[in-house]
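K.L.:
Below you'll find the structure I mean.
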Amino acid sequence: MQAFDYDQAFSRNIGWVTDAEQARLRKARVAIAGLGGVGGFHLLTLARLGIGEFNIADLDIFEAANFNRQAGAGMSTVGRPKVEVLAAMARDINPQCRLQLYGEGVKESNLSTFFEGVDLYVDGLDFFAFGAREQVFGYCARHGIPAITVAPLGMSAALMNFLPGGISFEDYFQVAGRPELDKAIRFLVGLAPALLHRHYLADQTRVNLELHKGPSTPMACMLCAGVAASEALKILLARGKVWAAPHGIQFDAYRNRLVHTWRPGGNRHPFNRLAIALARYKLGID
């Protein structure tokens, strides 16, 4: 059996990054909460980039309904904790990587330990995990930790970066204290104001925000991982342009379209307010 050699394993990264930059990535610590739709792909992509340390959290187990889109999901992993399966996969890529596992998920009581020594947060939480997401992004804002979220919408990836000193997650989305359905609408509109994915939904009955249900595709999850890892590289190496909220970028592979949006004030912006009002009207919300 061949002995693991970090430099050899990640030698094909060199050229796009320098040897010195690869050494910096090796020492970086990234936190990922949620290892389902996008989170597992985030972890494995960043592991292949040569990131050397991770804090990962998920309280769920794999089931058959995950097969269409989640890294690590298959017959051999049904019933197994996602955090353990994905940790093993990351260690198979880089046996030297250091992982801190949080099988109880992220919650207020473990945020300080989850983010200890972290250079960057990459969001992998379920779309409807509003409480956890508000806590996580709030912690990042208070402690100056850059945070990336990339949403898999249809066959697209919708990117938003929340950087220290910029607009916060809450200031942008304006979800605190609102009913769950209203949070879902505001999160969806805020993430992808261009709504590129709305044109090709084949069966609208499969979307039910009230029941926390919606269709998904593997393509979107993999697109998100590539986008998030590219942003992570730029942030961790302080290299390249990073667009921070209220800027957003959505690429839709089905429509072959890329849109860059700018919404000062986030969901306070007139365009977003109109989109939220229309969504509430369609759902019959007063």
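FYI, it's all coordinate maths here, none of it is from the lab. In this text, all values refer to a predicted model and were calculated from it rather than measured experimentally. Every residue, glycine as well, gets a Cβ built from its backbone with ideal geometry; the counts of neighbours run over all protein chains shown.
K.L.:
Lysines near LYS27 by alpha-carbon distance under 23 Å, same-chain residues fewer than 8 away left out - which ones?
P.N.:
LYS234, LYS241
K.L.:
Return one number: the angle in degrees, 0 to 90 and rounded to the nearest 10, between the long axis of the Cα atoms of helix 218-237 and the longest principal axis of the Cα atoms of the chain.
P.N.:
60 degrees
K.L.:
Let me ask another. Residues of region 117-149 with the amide nitrogen closer than 11 Å to a label point 7 Å from the Cα of ARG268, along Cα-to-Cβ, please.
P.N.:
The answer is none, because no backbone nitrogen lies closer than 11 Å to the label point.
K.L.:
What is the extension gain from ASP7 to ASP60, computed as 0.36 nm multiplied by their sequence separation minus the C-alpha to C-alpha distance, in nm to one decimal?
P.N.:
Answer, rounded to one decimal: 15.7 nm.
K.L.:
When only C-alpha pairs under 8 Å and at least 6 residues apart count, what is the relative contact order of region 150-285, in percent?
P.N.:
Once divided by the residue count of region 150-285, the mean separation gives 39 percent.
K.L.:
Restricting to Cα pairs below 8 Å that are 6+ residues apart, what does the relative contact order work out to for the chain? Please round to a whole percent. Walk me through the numbers before you get to the answer.
P.N.:
Details: 524 pairs, mean separation 53.3, N = 286.
That works out to 19 percent.
K.L.:
Would you compute, from DSSP H runs of 4+ residues alone, the mean residue ellipticity of the chain at 222 nm, taking -39500 (n - 2.57) per run and dividing by the full residue count, rounded to the nearest 500?
P.N.:
When only DSSP H runs of four or more count, the value is -11000 deg cm²/dmol.
K.L.:
Right, another one. Taking loop as defined by DSSP and a crowding limit of 12 other beta carbons within 10 Å, which chymotrypsin sites (Phe, Trp or Tyr not before Pro) in region 63-114 fit?
P.N.:
For chymotrypsin sites (Phe, Trp or Tyr not before Pro) across region 63-114 that sit outside H, G, I, E and B with at most 12 neighbouring Cβ atoms in 10 Å, the list is empty.
K.L.:
How far apart, in nanometres, would the label points at HIS143 and ASP92 be if each is projected 7 angstrom from Cα along the Cα-to-Cβ direction?
P.N.:
For HIS143 paired with ASP92, the spin-label model returns 3.1 nm.
K.L.:
State the percent of C-alpha pairs, over all pairs in the chain, separated by a distance greater than 34 angstrom.
P.N.:
17 percent
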